[in-house]
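Beneath this line is the structure, given in structure tokens, with notes to follow.
Derivation of every value follows stated rules applied to the coordinates shown; laboratory data play no part. What you see is a predicted model, and the numbers here were worked out from it, not measured in a lab. We place every Cβ from the backbone using ideal geometry, glycine too, and count neighbours over all the protein chains shown.
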Amino acid sequence: MTLALGVLVSGTGTNLGAILDAIASGCLDAEVKLVVSNRAGVGGLDKAKAAGVAAHVLSHREHASREAYDAALVAALRAAGVEWVVMAGFMRVVTPVLLDAFTDRVVNIHPALLPSFPGVDAQRQALEHRVKVSGCTVHFVDAGVDSGPIIAQATVPVLDDDDRDRLAARILEKEHALLVDALVALAEGRVTIEPRRDDGARRRVVVERRSP
């Protein structure tokens, strides 16, 4: 199936760029219907414009609450015909207003091997804990912070001379490929998520391998 995507960004938009490149090359059966940023003047908006994709600035400062912001976000996404939402460097915690509008169709890319190091600046967290391996995770978004069901992960070694920026740059390279691979699996119908559970336990995601 062709994924009708809405991509949420707050910064440079390199993961958005990877999505657009994969679509243009025919690797990913998807269409980016709308790019939304909560900040004006960021690189993600420039990438959308260069690709001829509709882009919209929706400032969080103009809304009284997270719920009010997400209601406006849902309205914009629905008006554009969006069916799947990708948080690609979107630096906001979303609420059930968005999650209930796109149930099990909101996907995030996070620069750590969840459930380790959720939240802000996961790369620095990894260095502070002196781990030897870090990486990135694509997951469905739920009401927690980076706690939703995991779709895919990729690892990156943490080197002895790494600082935050060097580690972040290597993880980011992995993010681009991992996010595209996860979206390809979704488009091909190879991703199955367990139904919601009454006990609140983490739900499992099964990703079938591609046929040879």
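The figures follow:
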{"quantity": "Potential lengthening between V120 and S211 on full extension [0.36 nm per residue; Cα-Cα distance subtracted]", "calculated": "29.0 nm"}
{"quantity": "Potential extension, V145-D29 segment - 0.36 nm per residue separation minus Cα distance", "calculated": "38.9 nm"}
{"quantity": "Theoretical ellipticity at 222 nm over the chain - DSSP helices of four or more residues, -39500 (n - 2.57) apiece, nearest 500", "calculated": "-10000 deg cm²/dmol"}
{"quantity": "D21-V133 pseudo-label distance in nm [points 7 Å out on the Cα-to-Cβ vector]", "calculated": "2.6"}
{"quantity": "Ascending count of other beta-carbon atoms within 10 Å, so fewest first, for R124, R204", "calculated": "R204, R124"}
{"quantity": "H63 versus T103: modelled label distance in nm, points set 7 Å from Cα along the beta carbon direction", "calculated": "2.1"}
{"quantity": "Under 25 Å from K49, Cα to Cα: lysines that are on another chain or at least 8 residues apart", "calculated": "K33, K174"}
{"quantity": "Centre separation in Å (Cα based) which lies between segment 161-212 and segment 53-123", "calculated": "17"}
{"quantity": "In nm, spacing of pseudo-spin labels at H56 and R204 (7 Å Cα→C-beta vector)", "calculated": "3.9"}
{"quantity": "Distant alpha-carbon pairs in segment 1-103 (separation over 16 angstrom), percent", "calculated": "53"}
{"quantity": "Unit charges on C-beta of K, R, D, E only; dipole of segment 1-103, Debye", "calculated": "280"}
